[in-house]
Amino acid sequence: MRHMKAYGAALIVGLMMGTRAYAQQTLNGTAVAGVAVTTEGFLRARQVAAPATSASAADRRGTAPAAKGASFVYISLPGVLAQWKAAKEAGKEVPDDVRYMKGMTRIQNVFVYPAEHDVVLAGPAEAFTVDNPLEPLGRVSRRPVVQLEDLIVAMRAVQGRGTVRGGGGGGGPGGRDFFGCTLEQPANFKEVWDATMKKYGTGPRATLLEEMKKGLGPQEVKLFGVPDDSRVALMMVAADYRLKRMSMGLETLPAGVGNAFGTENAMARLWFEPAYEPLVISAEGDAYELRGPRLKVLAGAQVFNPVDAAPAQKRFAEHFSAKMAEVAAKVDAVADLQNVTDCFMVAALLRADRLLERTGVDVAWLIAPDAARGNPGAAEAGPYKVAALTVPRTAETVVHISGNVIAQGGVAFAYKTFTDVPRGQADGKVTFSARRDRPADQWFLTLAK
């Protein structure tokens, strides 16, 4: 995206979407990841906090220590998938404990057991509420829980079997090794912007905002590498939406993050990418520990290219990234995207390190259930569908006057960004923080932390 002259305003987008039944419940009028879905099919910033359930306002996520009342859960991947598969084949609802991974709030470890033909995921867990089935929250930390169907979507996407909207090929946007979203400006953006500013720029601010919104019309939402009706896609778009609001100072952030708007004349792109500290791996290669913030924010003048960012956008991206844990403690969308990022990291390890082949775990039925019937790309066909949602295809333009920058964003998960995470071998100085327990006769094992 080339540099532009100042237009005296910055752009933020709200997202239009329809609603669909999920787990026997209608989502009209509910909220997810800090955005509300109205009965008219619009997705917008949540104006009123969701009703309190089991936790008081003082115990909201980020204020109560996650360790208090929490445990550590060990989940057999083939075991939990077998439970999910059995429910699907029986035409029954998938049990909440299976769908929501026993309340796991973060994937911390991956353990490999070749002799037992098992891959185990481990992480902190707690009792959870399903008041909103799209985004259950831990009752202690109030953090979104990891969802099995997000992991399934990630596994399918990484294997190159997911439904792609947006086109393209190879390893870039739209290719089998790239997963994410963008919100695109209308083709006539500059002409409309100039004409509207000329006609209404000296009049009432409210009139300028409304006319700019009407003139620009909707933006296109592009999704890459993930099914366009999946919760993963919705969470990517929701997090992108919240990032733009936060970059403009429309939502309160931890001290020091600030906003992305200075006096520079620029068309800024701000987006999320994966961010992990070096993986800790056992000498035998049968145990992994995921560490780090999971996400970072980058800025650049061009889409997914962190070069030529204006100083204000670069500072915002750096400060946001440095305070990712604090932001996630305040913003559901960011915490949920961290969990989705962990799902993609696990999917990348399964593929890159051939963990399924090493353990003899067969998930061919999950990756491409219709392959045997001559339809190898139908990852969503057959009885093993994940829940389908209506994800935005267009974005309602909402204008906010704040500086001289046009803000855009996205989510960029490239397969290579996961496989390129440095690796460190566990030794006397770097050890695993979890016990290497394995479920015995059941699909999960819960231990006190």
Given the criterion surrounded by fewer than 19 Cβ atoms within 10 Å (Cβ to Cβ) and at positive phi, identify the matching residue among GLY258, GLY225. GLY258
Looking only at the stretch 208-230, count every residue that is among the aliphatic types (A, V, I, L, M) and assigned to a helix (DSSP H, G or I) and tell me the total. 4
Kindly check whether there is at least one residue in the stretch 308-316 that is of a type outside the set (Lys, Arg) and closer than 22 Å to PHE418 by Cβ. no
If you take the residues of the stretch 427-438 that are out of contact with any Asp or Glu (no Cβ under 8 Å at 6 or more places or on another chain) and surrounded by 12 or more Cβ atoms within 10 Å (Cβ to Cβ), which of them is modelled with the lowest pLDDT? VAL430
Of the residues in the stretch 328-368, those that are within 21 Å of TYR384 (Cβ to Cβ), buried (at least 20 other Cβ atoms within 10 Å of the Cβ) and either free of Cβ contacts under 8 Å to residues at least 60 places away in the same chain or touching a Gly at 6+ places or on another chain (Cβ under 7 Å) (or both) number 0
Would you please name the residue that is surrounded by the fewest Cβ atoms within 10 Å (Cβ to Cβ), looking only at residues in the stretch 94-136 that are part of a helix (DSSP H, G or I) and of a type in the set (A, V, I, L, M)? VAL98
Of the residues in the stretch 311-321, those that are at pLDDT below 95 and small (Gly, Ala, Ser) come to ALA312, ALA317
Please enumerate the residues belonging to the stretch 138-157 that are farther than 12 Å from VAL363 by Cβ and either part of a helix (DSSP H, G or I) or under 14 Å from the mean Cα position of the chain (by Cα) (or both). ARG143, PRO144, VAL145, VAL146, GLN147, LEU148, GLU149, ASP150, VAL153, ALA154, ALA157
Out of (1) touching a helix residue (DSSP H, G or I) at 6+ places or on another chain (Cβ under 8 Å); (2) surrounded by fewer than 19 Cβ atoms within 10 Å (Cβ to Cβ); (3) among the small types (Gly, Ala, Ser); (4) at pLDDT 85 or above, the one GLY203 does not meet is (1)
Can you report the number of residues in the stretch 83-93 which are touching a Phe, Trp or Tyr at 6+ places or on another chain (Cβ under 9 Å) and either surrounded by 13 or more Cβ atoms within 10 Å (Cβ to Cβ) or at pLDDT 95 or above (or both)? 4
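The values are calculated or read from the model by the stated rules, or taken from the named source; none is laboratory data. Computed from a prediction, not measured in an experiment: that's the story for all the values here. Reconstructed Cβ throughout: ideal geometry from the backbone, glycine too, with neighbour counts over all protein chains shown.
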